[in-house]
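Visitor: Got a structure for you, written out below as structure tokens; questions coming shortly.
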Amino acid sequence: MEVSLSETGGLSRRLEVAVPATEVTREVQARLKRLSRTARLKGFRPGKAPLAVITKQFGEQVRAEVLSDLMRSSFAEAVTQEKLRPAGGPRIEPIALGPESDLKYAAHFEVLPEISTNPPDSLAVERPTAEVTEADVDAMVENMRQQRPVFTPVERAAHDSDRVRLDYQARIGGKPIEGGDLTDVHVVLGTRQAMPELEEGLRGAQPGEQRTLNVVFPAAHPNKKLAGQAAQLHLSIKAVEEQSLPAVDEEFFRTYGVEQGGLAEMRAEVRKSMEQELAEVIRGRTRSQVLEALFRNNPIEVPQALVEEQVQQLQIDTARRLGIRDASQLPRPEAFLEPARRRVALGLLISHIVQSNGIKVDRERVLARLGALVEAYPNPDEARRAYLQNAEAMRQIESAALEDQAVDWLLERAHVTERPMSFAELTGFNRSAAADHDPEYDHEHAPAGALGQQQAGST
């Protein structure tokens, strides 16, 4: 086998390979003989057809298979011989495939870059520090009260923060629409949860009042018959309810899963949840800074093939996150190029650090990650068994654990300074703005853990 290697710019390579015609012929003949032992042809007993007949019947098909297999195996052999690390599969350019000539082809592909990183102590990382204060706990408890408001019926006109309970019938061109009549609809005024025309039309409404509004349903309305349509809404106001905060009492504690211990136990649970959230945010912020510093301090050329793979993955992730099923609605691939390049570069840099420093996967970390994943399932034990039996899923968990270990390795050696911050600054919890959110629908800052169903929010 003859091999000729040339660089075609950057990480691109052209590998020309020639396989002797004798080797091709020998493999074709060997396969035809094996086939003749089992082939079933009309007029011959199984395995008794002459080789000439087998060759005439199957020769071209077998030769095509041999050429394909030889290109695959010779490429792998040539890559090993030339000590190359392809970044992806090759694009094959046939040169000579004739029956009497050597098999010749050119393989075009990219190689992984040679990487050398600057010393880890050249990385500058600013690690935030904070603690949960009594004032933070006070603010969180107050926010929890705002998430569980009490609504009391009143006999007056509705204004912002009131909840209006109503029935309505939608009519388009004076005709009723299937699915256009709803009963016991609740709208909290001032929260922008309902159509602007509906919310504005309910201001000043009183119990027992009838109103008619002209509205245009949003294009994204779940009822396709109403989406984008101009309609009339005939409203029957059933109740106006004034909002107030619940008392901090046993009933309130039970709402958040605290059955015993009263206020002291609830505050302890709130603090524990906030401290867990704070630790996660600090860890995430610090990790991001380590990776950003690594990326910034070690510029490398990345294979375009890997970038294109990441662009596709980012598009898939975006579609899944936004619930997009129509590919034409996705942002153009160009919008993902820079994030994709960054992902590829960091993946290569982390891989280099792991290999060059002999970092081995920590089984305890893998099991801890697995435990955190299965906690969200109704049957954690069953989910754990399913993960352990899925080799690909476990490889992904191991890869994530190994990346965390590499980040920790860098962090131990980087130049780290600390920046004191508050809980609110780090987590995005806004004490003063809590009342601006819809208390019935906004659970962004509900505490996690034993205190309820919502997960604590963070930025």
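Visitor: Please verify whether the stretch 19-31 includes one or more residues that are at pLDDT 90 or above, within 50 Å of the chain's Cα centre (by Cα), surrounded by 12 or more Cβ atoms within 10 Å (Cβ to Cβ) and farther than 23 Å from residue 102 by Cα.
Guide: no
Visitor: Which number in (1) out of contact with any Ser or Thr (no Cβ under 7 Å at 6 or more places or on another chain); (2) within 23 Å of residue 107 (Cβ to Cβ) marks the one condition that residue 31 misses?
Guide: (2)
Visitor: Okay, next question. Go through 143, 118 for me and flag whichever is crowded, with 16+ Cβ neighbours inside 10 Å and not hydroxyl-bearing (Ser, Thr, Tyr).
Guide: Details: 118 fails: crowded, with 16+ Cβ neighbours inside 10 Å.
Residue meeting the stated conditions: 143.
Visitor: While we're looking at this one, here's another question. Considering only residues that are loosely packed, with under 14 Cβ neighbours inside 10 Å and without any contact (Cβ under 8 Å) to a residue 60 or more places away in the chain, which ones fall in the stretch 70-88?
Guide: Passing the criteria: 72, 73, 76, 80, 83, 85.
Visitor: Among the residues of the stretch 351-358, is there at least one that is at positive phi and open to solvent by 30 Å² or more (accessible area, probe 1.4 Å)?
Guide: yes
Visitor: Does residue 384 qualify as being farther than 30 Å from residue 138 by Cα, of a type in the set (Lys, Arg) and either free of Cβ contacts under 8 Å to residues at least 12 places away in the same chain or crowded, with 16+ Cβ neighbours inside 10 Å (or both)?
Guide: Working: farther than 30 Å from residue 138 by Cα: yes; of a type in the set (Lys, Arg): yes; either free of Cβ contacts under 8 Å to residues at least 12 places away in the same chain or crowded, with 16+ Cβ neighbours inside 10 Å (or both): yes.
Yes, satisfied.
Visitor: Can you find a residue in the stretch 378-389 that is within 17 Å of the chain's Cα centre (by Cα), closer than 28 Å to residue 311 by Cα and of a type in the set (Phe, Trp, Tyr)?
Guide: Keep residues of the stretch 378-389 that are within 17 Å of the chain's Cα centre (by Cα), which gives none.
No, the stretch 378-389 has no match at all.
Visitor: Report, by residue number, each residue of the stretch 307-324 that is polar (S, T, N, Q) and open to solvent by less than 100 Å² (accessible area, probe 1.4 Å). Talk me through it step by step, then tell me what you get.
Guide: Quick first cut of the stretch 307-324, residues polar (S, T, N, Q) only: 310, 312-313, 315, 318.
310, 313, 315, 318, listed by residue number.
Visitor: Among the residues of the stretch 387-407, count how many are surrounded by 14 or more Cβ atoms within 10 Å (Cβ to Cβ) and not hydrophobic (A, V, I, L, M, F, W, C).
Guide: 6
Visitor: Name the single residue that is nearest to the chain's Cα centre (by Cα) among those in the stretch 148-171 being basic (Lys, Arg) and not in a loop (DSSP other than H, G, I, E, B). Give the derivation first.
Guide: At the first step, the residues of the stretch 148-171 found to be basic (Lys, Arg) are 148, 156, 163, 165, 171.
Right, trim to not in a loop (DSSP other than H, G, I, E, B) and you get 163, 165, 171.
On the way: 163: 37, 165: 38, 171: 41 Å.
Here the residue is 163.
Visitor: Any residue in the stretch 45-56 that is within 52 Å of the chain's Cα centre (by Cα), open to solvent by 80 Å² or more (accessible area, probe 1.4 Å), at pLDDT below 90 and more than 21 Å from residue 101 (Cβ to Cβ)? I'd like the intermediate steps shown before the answer.
Guide: So the first thing to find is which residues in the stretch 45-56 are within 52 Å of the chain's Cα centre (by Cα), and the list is none.
No, every residue in the stretch 45-56 fails to be within 52 Å of the chain's Cα centre (by Cα), open to solvent by 80 Å² or more (accessible area, probe 1.4 Å), at pLDDT below 90 and more than 21 Å from residue 101 (Cβ to Cβ).
Visitor: Looking at the stretch 172-282, what strands (runs of 3 or more DSSP E) fall wholly within it and have at least 2 residues that are within 21 Å of residue 152 (Cα to Cα), at pLDDT below 90 and open to solvent by 60 Å² or more (accessible area, probe 1.4 Å)? Break it down into steps so the answer makes sense when it comes.
Guide: Numbers: elements: 175-188, 210-216, 230-244.
Output list is empty.
Visitor: For the stretch 26-58, how many residues are touching a residue at least 24 places away in the same chain (Cβ under 8 Å) and of a type in the set (Val, Ile, Thr)? Step through it out loud before you land on a result.
Guide: Here is the first cut: in the stretch 26-58, the residues touching a residue at least 24 places away in the same chain (Cβ under 8 Å) are 27-28, 31-32, 35, 58.
Narrowing the set further to residues that are of a type in the set (Val, Ile, Thr) leaves 28.
Of the residues in that region, 1 qualify.
Visitor: Among (1) open to solvent by 80 Å² or more (accessible area, probe 1.4 Å); (2) among the charged types (D, E, K, R); (3) closer than 18 Å to residue 31 by Cα, where does residue 63 come up short?
Guide: Exception for residue 63: condition (1).
Visitor: Residues in the stretch 93-107: is at least one within 33 Å of the chain's Cα centre (by Cα), modelled with pLDDT of 95 or more and closer than 30 Å to residue 9 by Cα? First the steps, then the outcome.
Guide: Pass one, the stretch 93-107, residues within 33 Å of the chain's Cα centre (by Cα): none.
There is no residue in the stretch 93-107 that is within 33 Å of the chain's Cα centre (by Cα), modelled with pLDDT of 95 or more and closer than 30 Å to residue 9 by Cα.
Visitor: Identify all residues within the stretch 105-115 that are touching a residue at least 60 places away in the same chain (Cβ under 8 Å) and either more than 17 Å from residue 68 (Cα to Cα) or buried (at least 18 other Cβ atoms within 10 Å of the Cβ) (or both); write none if there are none. Before you say what the answer is, go through the steps one by one.
Guide: So in the stretch 105-115, the residues touching a residue at least 60 places away in the same chain (Cβ under 8 Å) come out as 105-113, 115.
Scanning the stretch 105-115 gives 105, 107, 109, 110, 111, 112, 113, 115.
Visitor: A further question on this structure: Give all pairs with beta carbons closer than 9 Å in which a residue from the stretch 405-417 that is within 22 Å of residue 130 (Cβ to Cβ) meets a residue that is of a type in the set (Gly, Ala, Ser) and part of a strand (DSSP E or B); count only pairs at least 6 apart in sequence or on separate chains.
Guide: Partner pairs satisfying both residue conditions: 414/124; 415/124; 416/124; 417/124.
Visitor: Okay, next question. Those residues that are closer than 14 Å to residue 96 by Cα and open to solvent by 40 Å² or more (accessible area, probe 1.4 Å), I need them from the stretch 2-18; list them, please. Give the steps one after another, and end with the answer.
Guide: So in the stretch 2-18, the residues closer than 14 Å to residue 96 by Cα come out as 2, 16-18.
If the condition is that a residue be closer than 14 Å to residue 96 by Cα and open to solvent by 40 Å² or more (accessible area, probe 1.4 Å), then 2, 16 are the ones that fit.
Visitor: Looking only at residues in the stretch 325-349 that are of a type in the set (Gly, Ala, Ser) and exposed (fewer than 15 other Cβ atoms within 10 Å of the Cβ), which one is farthest from the chain's Cα centre (by Cα)?
Guide: Looking only at the stretch 325-349, we keep the residues that are of a type in the set (Gly, Ala, Ser), and these are 327-328, 335, 340, 345, 347.
Pick out the ones that are also exposed (fewer than 15 other Cβ atoms within 10 Å of the Cβ) and you get 327-328, 335.
On the way: 327: 17, 328: 20, 335: 17 Å.
It comes out as 328.
Visitor: May I ask you to verify whether residue 301 is surrounded by fewer than 16 Cβ atoms within 10 Å (Cβ to Cβ) and among the acidic types (Asp, Glu)? Steps first, answer last, please.
Guide: Values: surrounded by fewer than 16 Cβ atoms within 10 Å (Cβ to Cβ): yes; among the acidic types (Asp, Glu): yes.
The answer is yes for residue 301.
The values are calculated or read from the model by the stated rules, or taken from the named source; none is laboratory data. Quick caveat, the model's predicted, so the values are computed rather than measured. All Cβ positions, glycine included, derive from the backbone under ideal geometry; neighbour counts span all protein chains shown. SASA here: full protein model, heavy atoms, side chains in, ligands and nucleic acids out. Shrake-Rupley method; radii C 1.70, N 1.55, O 1.52, S 1.80 Å.
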